[in-house]
Amino acid sequence: MKRLILAVAIAAAALPGAALAAKPPVYTAPFSQVGAGGYDVVAYFTAGRPVKGDPAFSTDWKGARWQFSSAANLSKFKANPAAYAPQYGGYCAWAVAHDYTAKGDPLQWRIVGGKLYLNYNADIQSQWVKDIPGYIRQGDANWPGVLGK
């Protein structure tokens, strides 16, 4: 058994660093596979506020599990996930604009140009709103390359 553990450790150490550093395309909390912290991403557009999703109404997309507050919202998402999913995979929009990743907080959100953006916290969002068009332009330029950093 010790030899097996040692062999696995050696094999893992031999992998290229970039392969180990790549981040998933959708932010999920550690030990979770749930996108947007379990919030219903369709509700931001329809209810105008964050609404907690229900695991009974869920689907998988881009390696994450997405939860919704109703079957209707689940159906809308399934019909066009890119229209509702947060930009930059739910990573903080301000961080992506600065060429790194940080968690996105589903309670710190904005819809701009019909797209949902999340920020790390209220302080970071207050920085982001000072130049939303510029940060979006820079974030778009950095995405998805920033996932490999």
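Mind checking which strands (runs of 3 or more DSSP E) fall wholly inside the stretch 32-131 and carry at least 3 residues that are of a type outside the set (Asp, Glu) and open to solvent by 20 Å² or more (accessible area, probe 1.4 Å)?
Numbers: elements: 54-61, 64-68, 105-112, 115-119.
In the stretch 32-131, the matching strands (runs of 3 or more DSSP E) lie at 54-61, 105-112.
Mind checking which residues of the stretch 132-149 are open to solvent by 40 Å² or more (accessible area, probe 1.4 Å), part of a helix (DSSP H, G or I) and without any contact (Cβ under 8 Å) to a residue 60 or more places away in the chain? Break it down into steps so the answer makes sense when it comes.
Residues of the stretch 132-149 that are open to solvent by 40 Å² or more (accessible area, probe 1.4 Å), as a first pass: 133, 135, 137-138, 140-141, 143-145, 148-149.
Restricting the remaining residues to those that are part of a helix (DSSP H, G or I) gives 133, 135, 137-138, 140-141, 145, 148.
Of everything in the stretch 132-149, those that are open to solvent by 40 Å² or more (accessible area, probe 1.4 Å), part of a helix (DSSP H, G or I) and without any contact (Cβ under 8 Å) to a residue 60 or more places away in the chain turn out to be PRO133, TYR135, ARG137, GLN138, ASP140, ALA141, GLY145.
Considering the stretch 51-76, and only residues there that are within 15 Å of the chain's Cα centre (by Cα) and of a type in the set (Phe, Trp, Tyr), the residue that is farthest from PRO106 (Cα to Cα) turns out to be TRP61.
Can ALA122 be described as among the hydrophobic types (A, V, I, L, M, F, W, C) and under 15 Å from TYR44 (Cα atoms)? Full working, then the answer.
Working: among the hydrophobic types (A, V, I, L, M, F, W, C): yes; under 15 Å from TYR44 (Cα atoms): no.
No.
State all residues of the stretch 7-29 that are out of contact with any strand residue (DSSP E or B) (no Cβ under 8 Å at 6 or more places or on another chain), modelled with pLDDT of 95 or more and either within 12 Å of LYS62 (Cα to Cα) or not aliphatic (A, V, I, L, M) (or both); if no residue qualifies, say none.
Pass one, the stretch 7-29, residues out of contact with any strand residue (DSSP E or B) (no Cβ under 8 Å at 6 or more places or on another chain): 7-23, 25, 29.
Then keep just the ones that are modelled with pLDDT of 95 or more; that gives 23, 25, 29.
Scanning the stretch 7-29 gives LYS23, PRO25.
The values are calculated or read from the model by the stated rules, or taken from the named source; none is laboratory data. Computed from a predicted model, the values in this text were never measured in an experiment. Cβ: placed from backbone, ideal geometry, glycine included. Neighbour counts: every protein chain shown. These area figures cover heavy atoms from the full protein model, side chains too; ligands, DNA and RNA do not enter into them. Shrake-Rupley method; radii C 1.70, N 1.55, O 1.52, S 1.80 Å.
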